[in-house]
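The structure appears below as structure tokens.
The values are calculated or read from the model by the stated rules, or taken from the named source; none is laboratory data. Small disclaimer: the values here were computed from a predicted structure and weren't measured. Ideal geometry is used to build each Cβ from the backbone, glycine not excepted, and the neighbour counts take in all protein chains shown. Just so you know, the surface numbers come from the protein's heavy atoms only, side chains and all, with ligands and any DNA or RNA stripped out. Shrake-Rupley method; radii C 1.70, N 1.55, O 1.52, S 1.80 Å.
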Amino acid sequence: MTGPGVRAAALVAALLAYPFVDKALGFQTVHAVSDGMIYVLLALGLNIVVGYAGLLDLGYAAFFAIGAYAMGLLNSPVLGSPLYGYAWSFWLCIWLAAAVSALLGVVIGAPTLRVRGDYLAIITLGFGEIIPVAIRNLGDITVDIGGWRPIERLNLTGGENGVNPIGRPYLPGVPFETDPVPWYFLILIIGAASLWSMNRLRDSRLGRAWMAIREDETAADCTGVNPISTKLLAFALGASFSGFAGSVYAAKLQAITPGAFEFQVSIMLLCMVVLGGAGSLKGVILGGMLITVFDRVVLTQTTFMVRAAGRAAGVAALTTADLTLWRWFFFGLGLVLVMLLRPEGLAGRRVRPVAVGADDADDPMVLEPPPAPRAEAIPRWLRDRAPRGAATDPRAPILDVRGVVKQFGGVVALNEVDLLVPHGAIIGLIGPNGAGKTTFFNVVTGLIRPDGGRIMLAGASLAGLRPNAIVALGVARTFQSIRLFPQMTVLENVLVGEHCRLAATVAGAVLRPPAVRAEESRARARAHELLAFTGLGDKADELARNLPYGDQRRLEIGRALATEPRLLLLDEPTAGMNPRETEALTELIGLLRRELSLSVLLIEHDMEVVMGISDRITVLDYGTRIAEGTPAEIQRHPKVIEAYLGTGGEQDLAARDRSR
Amino acid sequence: MSWWEVLVQQTINGLTRGAVFALIALGYTMVYGIIELINFAHGDVFMLGLFISLAWFALLGVTTTLTGWQLLTLLPLVFVLTMLTTAALNVAIDRVAYRPLRRSTRLAPLITAIGVSFMLENVALLWKGPAPIAYPDVFPSVDILREWFGVDSAIFVTTKDMLVVGATIPLMVALHYFVSRTRWGKAMRATAQDRETAQAMGIDVERTILMTFFVGGALAGAAGLIQGMYYNIGMWWMGYQAGLRAFTAAVLGGIGSMPGAALGGLFIGFLSAWSDQYISARWTNALVFAILILVLVFRPQGLMGERSAEKI
């Protein structure tokens with residue numbers, strides 16, 4: 001057996017033996033440990049929302065409450081549930097509770113997830129406050145409208161008194177009533193199953209989408225990930241795990257009251273996630289255990305010790321000290337210290353500092369020239385996909401933009417702009433800074449809604465489509481200021497690009513049927529081929545943020561290619577590159593067009609590149625198209641020369657832009 | 001009481017509550033305007049302001065109702081001392097917990113703010129104990145309608161109501177003057193609009209942020225003192241709830257906008273007083289949070305603010 005195998009076996013043995021050892025030694029800690037495990041399970045659910053999807057949830061205890069109350073109300077005689085009293089009740093209700101929690105996760109999430117990060121945090125806090133208030137008040141509803149009482153003393157939730165008793169699980173011969181050990185194993189099984197599925201979710205199409213949203217929502221949207229549905233899934237799945245935890249908690253405690261689900265519980269769970277390391281399963285378990293032990297053991301034991309010391313030293317103040325009163329002080333201090341000193345948490349991936357000079361493209365120490373792109377290195381699958389675009393009428397333009405208008409306040413950023421990209425063409429888009437070039441890209445990719453005009457992709461209108469839907473139709477882009485997913489690996493960045501061409505669902509990601517396995521290994525093989533083609537083959541497992549500048553540019557193009565585009569929008573791809581890198585990239589763009597008949601729309605300030613590679617060029621100035629034609633025509637065009645230099649010649653023009 | 005007397009009374013209650021919310025909300029909105037941080041601990045600075053003012057009164061030997069000349073000397077002195085203390089506290093919080101995270105993600109300082117909030121609440125709990133504490137009746141309470149005008153009405157307007165209005169309005173006028181007419185104020189407005197450009201124009205951005213926390217903390221301290229003198233009670237947990245209501249007020253008025261925060265505070269004051277009367281005090285919190293959520297989802301720029309586009 002290998003090292004990790006031995007360690008895993010030892011861990012399993014310890015977990016299985018623990019309750020019996022505890023019993024033999026008479027420690028009676030099984031109850032407390034089981035309760036602690038419920039909180040760890042909750043923290044793991046919260047980790048999906050906070051750690052994976054990067055959504056700060058300050059009201060997660062609300063979902064815990066919903067899970068517990070779903071179990072409480074469905075499986076209790078207090079409010080007369082018809083499900084109470086059967087042997088199978090608990091086993092059915094636990095699933096119902098998870099479903100109800102997930103459903104409420106969607107209901108709460110759907111309208112709120114468009115909101116920006118810190119506002120979303122406050123909204124979740126608001127829900128976290130409303131739910132206990134509602135539970136308290138719905139125990140005794142009287143509607144009194146001027147003496148008319150359509151509803152009088154209606155009890156929906158048990159109010160302040162809570163729900164008691166709650167039906168226990170039933171298994172033949174297992175004493176759930178009297179013994180804590182079966183509870184321990186029940187929670188252990190649920191915890192292990194949850195951990196197993198979370199582990200699989202993280203390494204799936206969905207897990208990568210969550211992390212992409214966390215890293216850069218706009219870039220993820222423009223790479224084909226639907227931010228709304230991805231976030232909703234995080235909310236719903238996070239909530240469903242708390243549904244399991246809540247229902248077991250309710251059945252184990254036999255009584256639930258609204259006080260158990262206050263804001264402090266949400267913050268304690270957040271402490272567990274942040275302390276251990278948001279996004280790391282091991283870290284969250286570690287954080288959860290540390291906080292539980294600290295809360296239940298360290299504080300009480302230290303209090304005893306301080307009091308004993310006080311008595312010994314004769315200090316009266318110490319003999320009555322109660323450190324458990326400092327509980328929330330320490331939790332608060334913990335949050336502050338972790339964020340200040342080790343924001344990635346105790347077990348999180350330590351982020352290496354970016355290598356010195358890595359973003360200095362002109363660094364003379366970079367001896368290795370970028371690899372020249374080779375036609376035979378183009379991944380086969382990308383070639384196979386290529387004719388798909390051509391299958392439509394090859395004479396039809398891939399992109400046809402007519403009369404697009406966009407105003408920001410009083411500024412006309414785009415004024416009746418027309419632009420045509422014929423199939424398989426490379427079109428240059430140039431103009432002075434602030435001419436509206438990037439705004440034009442944002443309009444075409446759906447980030448900005450135009451005020452007028454129409455945009456047709458191969459004959460179909462793109463009006464009103466979200467960026468990720470436009471990516472799915474075959475438009476990919478890069479950004480002027482590189483927008484990778486910095487804390488994900490190079491390989492994962494490309495895999496996110498493939499997201500919209502993959503089909504795995506939540507169930508597929510967890511259960512991994514053969515079709516999903518095949519899809520996943522195919523996706524990885526393709527990503528590796530793409531990386532080899534873009535010259536990043538040996539850097540697949542590096543974090544994107546640690547790549548040197550030129551590599552980041554190429555990775556962004558690789559990620560765009562992974563979406564299998566028909567039209568590629570490149571926003572200043574050679575900006576900040578040295579001449580050799582620029583040359584290699586220019587070759588790459590030409591190669592893509594020749595071999596894959598990919599259409600390219602290119603914003604570029606390097607006139608040598610733009611004039612050399614473009615079939616036709618459109619020139620924007622102050623949001624208006626001032627010229628359109630072949631490179632030779634553009635170089636002679638008086639309006640273009642005027643826009644760039646006032647007066648002067650094209651030689652100066654090219655020279656100025658090279659030195660930029 | 002007739003129905004209109006109830007309404008007038010609750011509206012007066014709403015006005016005094018709202019004045020306190022407005023003072024707290026100004027601190028939220030100023031800090032958010034300048035560093036885009038929801039300063040979660042701000043409500044607890046308000047709560048500590050109440051306890052600190054109590055300590056200053058005790059230090060000055062005030063335990064009973066102030067009279068005549070004391071009102072003109074001791075009361076302003078306690079206002080100044082309390083405001084300086086909470087201002088210093090707020091600046092210290094920024095230095096320790098937020099400043100090291102200026103270049104971090106947006107959520108990192110929000111998490112530390114929550115941590116600081118818990119620490120402050122715990123400090124107050126240990127300092128004053130878990131039970132609500134009585135705040136001495138230092139400000140004279142005179143039933144104005146009956147005593148001064150001889151009008152017999154079911155409506156109560158006391159000198160304490162006058163105190164709330166009389167203290168809040170000068171503070172807001174002073175703040176307005178400070179922000180719109182002084183160099184510091186100009187630096188604040190410039191930094192709020194564009195930190196880099198402000199820096200390039202020679203504004204010391206960190207000192208400007210410090211000043212923002214200073215002013216916000218001072219206003220929270222004043223609010224704590226007013227709250228204590230008006231209601232004669234203080235609890236260690238009151239900062240959380242007051243803070244969230246004040247934050248709702250700031251969001252409602254358009255976060256970053258100072259007139260918006262003042263009006264939002266008044267609105268939340270009226271609303272909570274009316275809700276206590278006409279719906280049920282049990283539901284008031286839920287109502288305020290529902291409004292907060294609805295505004296954030298459907299009109300995040302607030303009722304009066306302008307929509308600002310995110311940079312792509």
Per the charge dipole of segment B:3-298 (beta-carbon charges, Lys/Arg positive, Asp/Glu negative, Cα centre), the residue among B:P76, B:A250, B:I144 reaching farthest to the positive end is B:A250
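At a threshold of 8 angstrom on Cα-Cα distance, excluding pairs fewer than six apart, so keeping six or more, what relative contact order does chain A reach in percent?
On the way: 1174 pairs, mean separation 101.9, N = 660.
Relative contact order here is 15 percent.
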Simple SL model, points at 7 angstrom along Cα→Cβ for A:R311 and A:T489; separation in nm is 5.8 nm
From most to least accessible, 1.4 Å probe, no ligand or DNA/RNA atoms counted, A:R202, A:R522 line up as A:R522, A:R202
Expressed as a whole number, the average count of other chain Cβ atoms within 10 Å around the Cβ atoms of B:279-292 is 4
Rounded to the nearest 10 Å², the accessible area of A:H499 using a 1.4 Å probe with every protein chain kept is 20 Å²
Computed over segment A:417-498, the relative contact order (Cα-Cα under 8 Å, seq sep at least six) in percent reads 18 percent
Using a 1.4 Å probe on heavy atoms of the protein chains only, the accessible area for A:I634 in Å², nearest 10, reads 0 Å²
Helix A:180-202 sits off the longest principal axis of the Cα atoms of chain A, rounded to the nearest 10 on a 0 to 90 degree scale, by 0 degrees
Non-local residues with an amide H under 5 Å from the amide H of A:I426, with H modelled 1.01 Å from N and Pro and chain starts lacking one, are A:V600, A:D615, A:R616
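What total accessible area, in Å², is buried where chains A and B meet, using a 1.4 Å probe and rounding to the nearest 100? Kindly include the intermediate steps, with their values, before the conclusion.
Values: alone 29690 and 15570 Å², together 41510 Å².
The summed interface area works out to 3800 Å².
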Relative to chain A, whose Cα atoms define the longest principal axis, helix A:61-74 and its Cα axis are tilted in degrees, nearest 10, by 50 degrees
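Just tell me how shielded B:93-99 is by partners: mean number of partner chain Cβ atoms within 10 Å of each residue's Cβ, no decimals. Provide the component values of the computation, followed by the final result.
Numbers: counts 1, 0, 0, 2, 6, 3, 0.
Mean number of neighbouring Cβ atoms from other chains: 2.
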For chain A, whose charge dipole is built from +1 on Lys and Arg Cβ atoms and -1 on Asp and Glu Cβ atoms, the candidate among A:A584, A:Q480, A:G277 with its Cα farthest towards the positive end is A:G277
Measure of exposure for A:I256: accessible area at 1.4 Å probe, Å² rounded to 10, is 0 Å²
Plugging the Cβ-Cβ distance of B:W69 and B:Y231 into 1/(1 + (r/R0)^6) at R0 = 22 Å yields, to the nearest 0.05, a FRET efficiency of 0.30
Applying the span-like rule to chain B (DSSP H, Cα extent along axis at least 27 Å, Kyte-Doolittle mean at least -0.5) gives B:3-35, B:68-93, B:107-128, B:159-181, B:205-231
For chain A, the longest principal axis of the Cα atoms and the Cα long axis of helix A:327-341 enclose an angle in degrees, to the nearest 10, of 20 degrees
Amide H proximity to A:D621 below 5 Å, modelled H, separation 5+ or other chain, gives A:I626
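Counting other Cβ atoms within 10 Å, which trypsin sites (Lys or Arg not before Pro) in segment A:88-168 have at most 14 and lie in a DSSP loop? Before the final figure, lay out each step's value.
Values: sites: A:R114, A:R116, A:R136, A:R153; in loops: A:R114, A:R116.
For trypsin sites (Lys or Arg not before Pro) across segment A:88-168 that sit outside H, G, I, E and B with at most 14 neighbouring Cβ atoms in 10 Å, the list reads A:R114, A:R116.
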To the nearest 0.05, the calculated FRET efficiency linking A:S481 and B:L294 through their beta-carbon distance, R0 being 51 Å, is 0.90
Counting only DSSP loop positions in segment B:104-167, the trypsin sites (Lys or Arg not before Pro) whose Cβ has at most 11 other Cβ atoms within 10 Å are none
As a percent rounded to 5, the proportion of antiparallel DSSP bridges among beta bridges in chain A is 60 percent
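Can you tell me the accessible area per residue over chain A, all protein chains present, probe 1.4 angstrom, in square angstrom? Walk me through the intermediate numbers first.
Working: 27860 Å² over 660 residues.
Here the per-residue accessible area is 42 Å².
Compare A:K437, A:K23 by solvent-accessible area with a 1.4 Å probe and give them largest first, with all protein chains kept in place.
The ranking, largest first, comes out as A:K23, A:K437.
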Once amide hydrogens are built 1.01 Å from N within the peptide plane, the residues lying 5 or more places from A:R477 or on another chain with amide H under 5 Å from its amide H are A:L569
To the nearest 20 debye, the protein assembly as shown has a Cα-centred charge dipole, built from +1 on Lys and Arg Cβ and -1 on Asp and Glu Cβ, of 1020 debye
Between the modelled labels at A:T300 and A:N433 (7 Å from Cα along Cα→Cβ) the distance in nm is 6.5 nm
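Calculate the mean, over all residues of peptide B:295-303, of how many other protein chain Cβ atoms lie within 10 angstrom of the residue's Cβ.
On the way: counts 1, 9, 8, 3, 0, 4, 0, 0, 0.
Mean inter-chain Cβ contacts per residue within 10 Å come to 3.
Dipole of chain B, Cα-centred, from +1 at each Lys and Arg C-beta and -1 at each Asp and Glu C-beta, to the nearest 20 debye?
The dipole of chain B has a size of about 860 debye.
Using heavy-atom solvent-accessible surface (probe 1.4 Å) with all chains present, what is the largest-first order of A:F235, B:F267? If you can, show how the numbers build up before the last one.
Working: A:F235 5, B:F267 95 Å².
Reading off the accessible areas and sorting them downward yields B:F267, A:F235.
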Length-normalised contact order of chain B, Cα under 8 Å, at least 6 apart, in percent, tallies to 37 percent
Along the dipole axis of chain A (charges at Cβ: +1 for Lys and Arg, -1 for Asp and Glu; origin at the Cα centre), the most positive-end residue among A:L92, A:W210, A:G51 is A:L92
Quick calc: nm separation of the 7 Å Cα→Cβ label points for B:H176 and A:E633 -> 6.1 nm
